[in-house]
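Below: one structure, written as structure tokens.
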Number of protein chains: 2
Amino acid sequence: MSRAYNFSPGPAMLPEPVLRQAQATMLEFGDTGASILEISHRGADFLAVARQAEADLRTLLSIPDDYAVIFTSGGATTVQALLPLNFAAPGQAADYVVSGHWGKTALKQAAPCADARTAASSEDGGFRDVPPREQWRLSPDAAYVHVTANETIHGVEWRDIPEVGNAPLIADFSSSIASEPLDVTKFGAIYAGAQKNLGPVGITVLIVRRDLLEREGQPRAPIFDYRAQANAESMLNTPPSWNWYVLGLTVKWMLDEGGVAEFARRNARKAALLYAAIDGSGGYYRNEVATAARSRMNVPFFLHDPALDAAFLSEAKQAGLVALKGHRVLGGMRASLYNAMPEAGVQALVDFMREFQKTHG
Amino acid sequence: MSRAYNFSPGPAMLPEPVLRQAQATMLEFGDTGASILEISHRGADFLAVARQAEADLRTLLSIPDDYAVIFTSGGATTVQALLPLNFAAPGQAADYVVSGHWGKTALKQAAPCADARTAASSEDGGFRDVPPREQWRLSPDAAYVHVTANETIHGVEWRDIPEVGNAPLIADFSSSIASEPLDVTKFGAIYAGAQKNLGPVGITVLIVRRDLLEREGQPRAPIFDYRAQANAESMLNTPPSWNWYVLGLTVKWMLDEGGVAEFARRNARKAALLYAAIDGSGGYYRNEVATAARSRMNVPFFLHDPALDAAFLSEAKQAGLVALKGHRVLGGMRASLYNAMPEAGVQALVDFMREFQKTHG
């Protein structure tokens, strides 16, 4: 088949111009006589790529100078494992606000090296909402407060992350970074696996206020030290350089398209279109998340009869709409609508859903 | 310029057929309607790629079934940080045999979580040789003994890694894996960043005897647990899937070319050609490593007059020979001769060196 509308939650759809640039440089990059896959990360050619990617990301997200940007590998989960080692004293409390699967994961990764506490959770309600601020039980001595800005599996998103007082707020923005304007200064740290909104799989971004890098943390290997990593321009060892390059191409594409303000408008329209189709289906399709907490990025939905799931997926693929199967935790369907998903893709999906309902209704 | 002979130490030259396949699938992979960069790591299409890469690597290196193969990210340095957490009890001794820069790095990464001891070192001699077995002072209670099979910067290679008794031998094979036949059963674990002999940057391989995965190790985040990673087919979280794919293409290419026995012959010829040119230059060029420990993969060499270095590099690039600048630790030159470097490339280098000597002699 030719290129489809790809609703994968991540690794996810990339802009075609980005893929074409990556393709064009696969054998030769500039004047190097080599692919960018084959050149030293410490040479001038790659350093220029790496620094431009950081500069463009700073522009895209309005990252102030008092925040470091670290490009790393191992995914968001590895960042979650390293947060207490870098930012908590041994045994110190760390508060986790849990609104879905990934918030629980973040807590589990921290637990061996911190007194990781569930400050609030919406699990009793099946993660169909965020836990309201008045229910949060914050520790007075917490090293930080952790939230998950958008829950990729449960489709639950904070529309406005509450203030937390003195402890720095650390947020997993893996599946919603760069989807709308973001006030970085509200956070001590923000991190995101790139494979949803920032570009390719295999690279992760950590944006961290520099004063937090001065914390002593806990005994850890030098490679796990974020202060050293920031000082070394994320090159304590060989970084995933090709992935960094493609991230840079993707960030540049977002700037060229109009930046996060423009993507906020597109993403709002895309999400509104799909939720309206679900809500207007008379119960044929349903989304169970509280309206105010519905994710603009990941829309889980269920057919009224799960026996139709296989036909839905198969006919959708025939129609050029792929990767709609829901996560195994929830079942059903899920449509991920990251920045690279065009509005025409969402229109094609809702058209297909209406047609499917007519045919199989 | 067109594609050059690229002597980069890593990220390093890749086989052109591998790059062409990666290029051809950049927009569409098989029947998926998407790039392999854009598809789920948990879908059937990527799982087939991942499992084939493992199967081919097992064939290439004759890896027995009682060894797990883990594909990970973070480079060899991250493996070095995780070795004590997985394989040593808190405070347990771990012996390091140090024959260059990377052996020292391995020890430093382990030091916060183990009683990491220098069992032997050739640093006093400027890392121009391996420390002979009779000088090793092994601890009776060591969790493991660590060696660096090939030192990428100093150009020092073990031709035959000595037996160590009961403690498992763990070896960093980053820059020489798959360069010749290897008896995996001699080792408790072998690891290698892929960006030298196994393919692209951004993915690392750990081959580990399964009984070592039963060790309790030390408190660590779930994502850092190698037993769990092995049980999850290296997919506790999103792996660097595209890099894994290109690694698979590279391993397949090595099998198609005749496997490690064939590369052993080619690599021996390439190294012999270059060392003969250096040794036969009447002192114009020199390599300082003890003959028996000279690396077949990385050949550092010096011009008799460092004032000629800039001209050498510039004229080499004009001749289509790139990335010959030595590591900043040593200065001078370095030619890396991994599997993807054709014999014609080494011939072109020695021809250039003779011509340069004539012109600038």
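Taken together, the values in this text are just the output of simple stated rules run on the coordinates, not laboratory data. Just so it is clear, the structure is predicted and the values come from calculations on it, not from any experiment. Cβ coordinates were reconstructed from backbone atoms using ideal geometry, including for glycine residues, and neighbour counts include every protein chain displayed.
Summing +1 for each Lys or Arg and -1 for each Asp or Glu among the other residues whose beta-carbon sits under 14 angstrom from that of B:G280 gives +1.
Using a ≥ b ≥ c from the Cα gyration tensor of chain A (square roots of the eigenvalues), is it rounded, prolate or oblate, where a/c under 1.5 gives rounded and otherwise the larger of a/b and b/c decides, a/b for prolate? Here chain A falls in the oblate category.
Using the Kirkwood formula on the Cα atoms of segment A:60-131, what hydrodynamic radius do you get, in angstrom to one decimal? Write out the running numbers ahead of the final one.
Numbers: mean 1/r = 0.0735 Å⁻¹.
Value: 13.6 Å, from the Cα pair sum.
With a Förster radius of 25 Å, plug the Cβ-Cβ distance of A:D66 and A:M235 into 1/(1 + (r/R0)^6) and report the FRET value to the nearest 0.05. For A:D66 and A:M235, the calculated efficiency is 0.70.
Less than 5 angstrom separates the built amide H of B:R334 from those of B:F301, B:K325, B:G326, all sequence-distant by 5 or more or on a different chain. GNM on chain A, alpha-carbon springs under 10 angstrom: the most fluctuating residue among A:S314, A:S99, A:S295 is A:S314. When you filter the chymotrypsin sites (Phe, Trp or Tyr not before Pro) in segment A:276-323 for DSSP loop state and at most 15 other Cβ atoms inside 10 Å of their Cβ, nothing is left. When +1 charges are put on Lys and Arg Cβ atoms and -1 charges on Asp and Glu Cβ atoms, the dipole computed for chain B relative to its Cα centre reaches about 580 debye. Cα to Cα, under 30 Å, and not fewer than 8 places away if on the same chain: which lysines meet these conditions relative to B:K358? Within the straight-line cut-off, B:K358 pairs with B:K270, B:K317, B:K325.
If only the Cβ of Lys and Arg carry +1 and only the Cβ of Asp and Glu carry -1, the dipole of segment A:258-360 around its Cα centre is close to 260 debye. Once a ≥ b ≥ c are taken as the square roots of the eigenvalues of the Cα gyration tensor of segment B:117-181, is the result rounded (a/c under 1.5), prolate (a/b larger than b/c) or oblate (a/b not larger than b/c)? Oblate. Averaging the sequence gap over all C-alpha pairs within less than 8 Å and six or more residues apart, then dividing by the number of residues, gives segment A:16-257 a relative contact order of 26 percent. Look at where the Cα atoms of segment A:1-52 and of segment B:253-325 average out, and the two centres are 30 Å apart.
Take each residue of peptide B:75-87, count the partner chain Cβ atoms within 10 Å of its Cβ, and average: the result is 3. Look at the stretch A:222-235: the mean tally of other chain Cβ atoms within 10 Å of its residues' Cβ atoms is 2. Cross-link partners of A:K108 among lysines, defined as those whose alpha carbon lies under 24 angstrom from its own and excluding same-chain residues fewer than eight positions apart: A:K196. In straight-distance terms, cross-link reach from B:K252 covers every one of the aspartates and glutamates whose alpha-carbon lies under 12 Å from its own, apart from those fewer than eight places away in the same chain; here that gives B:E54, B:D56. Peptide A:319-326 shows a mean partner chain C-beta count of 2 within 10 Å per residue C-beta. Label reach from B:E355 (point 7 Å along Cα→C-beta): in segment B:313-341, amide nitrogens under 20 Å belong to B:313-325, B:333-336. Output the antiparallel fraction of DSSP beta bridges having both residues in chain B, as a percent to the nearest 5. Of those bridges, close to 55 percent are antiparallel.
Just from its helices, what would the mean residue ellipticity at 222 nm be for chain B, if runs of 4 or more DSSP H residues each count -39500 (n - 2.57) and the sum is divided by every residue, rounded to the nearest 500 deg cm²/dmol? After summing the helix terms and dividing by residue count, I get -11000 deg cm²/dmol. Scalar couplings 3J(HN,Hα) for segment A:163-173, obtained by applying the Karplus form with A = 6.51, B = -1.76, C = 1.60 to θ = phi - 60°, are 5, 10, x, 7, 5, x, 8, 10, 10, 7, 10 Hz; x denotes Gly and Pro.
PRE reach from B:L255 (point 7 Å along Cα→Cβ): which of segment B:163-194 fall under 20 Å by backbone N? The answer is B:177-185, B:192, B:194.
Which order do the peptides B:205-213, A:215-223, B:146-154 come out in when sorted by mean C-beta neighbours inside 10 angstrom, highest first? Intermediate results must be reported in sequence, preceding the final value.
Values: B:205-213: 21.0, A:215-223: 17.8, B:146-154: 27.0.
The most tightly packed comes first, giving B:146-154, B:205-213, A:215-223.
Taking the Cα centre of segment B:5-154 as origin and assigning +1 to Lys and Arg Cβ atoms and -1 to Asp and Glu Cβ atoms, the resulting dipole is close to 300 debye. Quick check on the protein assembly as shown: take the gyration tensor over C-alpha atoms, sort the square-rooted eigenvalues as a ≥ b ≥ c, and tell me if it's rounded (a/c under 1.5), prolate or oblate. Prolate, because a/c is 1.5 or more and a/b exceeds b/c. Between B:R42 and B:Q347, the C-beta separation translates, for a Förster distance of 51 Å, into a calculated FRET efficiency of about 0.65.
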